[in-house]
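Right, one structure below, let's go through it.
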Amino acid sequence: MIKLIINGLEANAEEGWTILETAKFYGLEIPTLCYNEGLSTYGGCRLCLVEIGEGSKAKLVSSCTYPAEDGLVVRTDTKRVIETRRMMIELMLSIAPNSKTIQDLASKFGVKQVRFKIRNEECILCGLCVRMCAEQMDGRAIGFQNRGHKRKISTPFDIKSEVCRLCGGCMYICPVCQLRCQGPQADTAVCNACLTMDPTCLDYYDDLQCWMYDAGRCGTCVREEPEKSDRKEQSTKQ
Amino acid sequence: MEAQEIKIKSYITKYNNEKKALISILQDIQEEYNYLPQEALKIVSETLDIPLIDIVGVATFYRAFSLEPRGKHLITVCTGTACHVRGGPKILEKFEDMLNIKAGNTTPDAQFTLETVACLGCCAIGPVVVVDTNYYAQTTIRNVDSILKRHRKEEKENEAN
């Protein structure tokens, strides 16, 4: 049993656990993007950063890759950690502002502006699809190619891979290319839709099934519903 | 294709079919063909039991490997900071004019491939041009013609012999 301190609380971790797994076990929330329980860790998105050590020796490490150690002092929500996470979200937003997953993170962490050049790409190189293909689907059809600013994920020679079974696992797990953010201010980089949006779903679906995976959780549809129906009744009366 | 397959397999057996020798094997193939043919990579993948995508990942990571056919001679013009200040871009422009290709491309007769490099680490002798293994120091626009002529001449001599 490993004993460590997370946010001032004593925590016990099993042998081989990471900081992230320990924090999850104790119900502490650490945001993640490139982490998935069924896949190997990658440590690419840097959202799960936590501060370890004390005083001038304090440093930021990615909790999904850092093993829990005896006597480790971990802080998951210091100012430095949150500022860094905001910066990471801002950088990812500048690459893929259409991703709903990243826009949701931006709303959650209060990222209000993007100061970088908007690139409108469809990949943030989180590597989820590569690991999904290799580890869960046993396909190994896609992988990283080139390096530096030319780095990309593709099949060998950019043609349909012979080992690809078209299972769609890569698209299922992708945080960018599938779920589209369709906020009201689509021309700006940050939509902050979940904070400001009038629910569009009620206009389209009668059964109130939310077309955005998690959007119902924010409660905007529920809050806005009576007002909307009132408006509709009025308009039909007129 | 048969002969090619046997040749590539001989490169692999040279390293005892070891996976860790992948880069050495690719280097041998690159030396033989001046690029990495798709077929060759597939043979390496099957023989070494490494997923093709991993081999392509390695082959695209290193500048020394090319998936496109390259010319017989590789001309590398340094455009690093020191060479840039001393006129590297102008020399590159002259090469582009003389060969009638853009940087990164190969001449239609497959003789020369023109490439740029960020720094070769010998800034004191810049601007530097490297043709195959020959280093040309303090190059000027006037030298470009003679460098090309020299390598064209060598080529002819080799053919005559």
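Rule-based calculations on the coordinates, nothing more; no lab input. Keep in mind it's a predicted model, so treat the numbers as computed, not measured. FYI the Cβ positions are ideal-geometry reconstructions off the backbone, even for glycines, and counts take in every protein chain you see.
Listing for the model above:
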read-out	value
Per-residue Cβ neighbour rank within 10 angstrom, fewest leading, A:PHE116, B:PHE61	A:PHE116, B:PHE61
Inter-label distance, nm, simple model (7 Å from Cα along the C-beta direction), B:ASP145/B:SER10	4.4
Helix B:88-99 vs. chain B, principal-axis angle (Cα, 0 to 90°, nearest 10)	70
Cα long-axis angle, helix B:52-61 against chain B (0 to 90 degrees, to the nearest 10)	20
Within straight-line cross-link reach of A:LYS100, lysines at Cα separation under 17 Å, skipping those fewer than 8 residues along the same chain	A:LYS108, A:LYS112
Nearest 10 degrees, 0 to 90: helix B:22-33 Cα axis against chain B principal axis	60
Shielding by partners - mean other protein chain Cβ count within 10 Å, residues of B:51-64	6
Distance from the range B:89-161 to the range A:118-162 (C-alpha centre basis), Å	35
Built amide H within the under 5 Å cut-off of A:SER99, gap 5+	A:CYS181
Footprinting exposure proxy for A:CYS177, A:CYS126 (fewest neighbouring C-beta atoms within 10 Å first)	A:CYS177, A:CYS126
Reduced Cα scattering model of the range A:116-172, Debye log10 I(q)/I(0), q = 0.15, 0.16, 0.18, 0.23 Å⁻¹	-0.45, -0.51, -0.63, -0.94
Taking B:PHE95, A:PHE157 and counting other C-beta atoms within 10 Å, the order from fewest to most	A:PHE157, B:PHE95
